[in-house]
1. Can you pull out every residue in the range 31-52 that is surrounded by fewer than 18 Cβ atoms within 10 Å (Cβ to Cβ), modelled with pLDDT under 95 and touching a Lys or Arg at 6+ places or on another chain (Cβ under 9 Å)?
2. Report, by residue number, each residue of the range 7-28 that is at pLDDT 95 or above and over 20 Å from Glu142 (Cα atoms).
3. Only residues that are modelled with pLDDT under 85, among the hydrophobic types (A, V, I, L, M, F, W, C) and loosely packed, with under 14 Cβ neighbours inside 10 Å: list them for the range 98-145, please.
4. Please go through the range 7-22 and pick out each residue that is under 12 Å from the mean Cα position of the chain (by Cα) and closer than 11 Å to Ala43 by Cβ.
5. Considering only the range 25-79, how many residues are closer than 18 Å to Ala90 by Cβ and in a loop (DSSP other than H, G, I, E, B)?
6. Considering only residues that are touching a residue at least 40 places away in the same chain (Cβ under 8 Å) and either crowded, with 18+ Cβ neighbours inside 10 Å or closer than 30 Å to Asn19 by Cα (or both), which ones fall in the range 53-81?
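The values are calculated or read from the model by the stated rules, or taken from the named source; none is laboratory data. The shown structure was predicted, so the numbers you read here are calculated from the model rather than taken from an experiment. Cβ atoms come from the backbone with ideal geometry, glycine included; neighbour counts cover every protein chain shown.
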Amino acid sequence: MILDINCIVIRDNVTLNGNLVEETLDWYTQDENGSIRYFGDDAKEYENGKVVSTEGSWEAGVDGTKPRIVMEANPKIGDTYRQEYYKGEAEDMAQVIGLNETTSVHYGCSFNYSLMTKEWKPLEPEIIEHKYYAPGRGMVLEVMVEGGLERLELVNIETEKDSI
């Protein structure tokens, strides 16, 4: 519960050579218009199994922050919006650059009708990413197009039911 709203928690783990390097708990909900609202995240970066940073963590309602949109219900090419805003910590932006994309990932399938966004952080202006979102799955692919060579893609989906 954040701001008296029941949010879904998504755990996002990043591993490198089998070692956990980042773990994030993201909090989302869908508003009455169908847009996916982002209520914050608890981010932890690891080195040698120990937390070394929680930079970028934020929660709606703390220090004046508000929920932002991570995915619009009815996106249009060129739409630009804040995904998160906690001054000096988390200031992510997105712009819709593609609709009806087909995206293939290691998860073992292709997703049709994906949303493609250009995403950047004013705090790290040298980095630009393209992200692909699939209906019913959320983000399935992230490709750094400026500032590095990173590529992150969906490899597994585990629901609460799967982990019981």
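1. Within the range 31-52, Asp31 is the sole residue that qualifies.
2. Across the range 7-28, the qualifying residue is only Cys7.
3. The answer is Cys109, and nothing else.
4. Asp12
5. 12
6. Step one: of the range 53-81, the residues touching a residue at least 40 places away in the same chain (Cβ under 8 Å) are 59-61, 67, 70-71, 73-75.
Answer for the range 53-81, where residues must be touching a residue at least 40 places away in the same chain (Cβ under 8 Å) and either crowded, with 18+ Cβ neighbours inside 10 Å or closer than 30 Å to Asn19 by Cα (or both): Glu59, Ala60, Pro67, Val70, Met71, Pro75.
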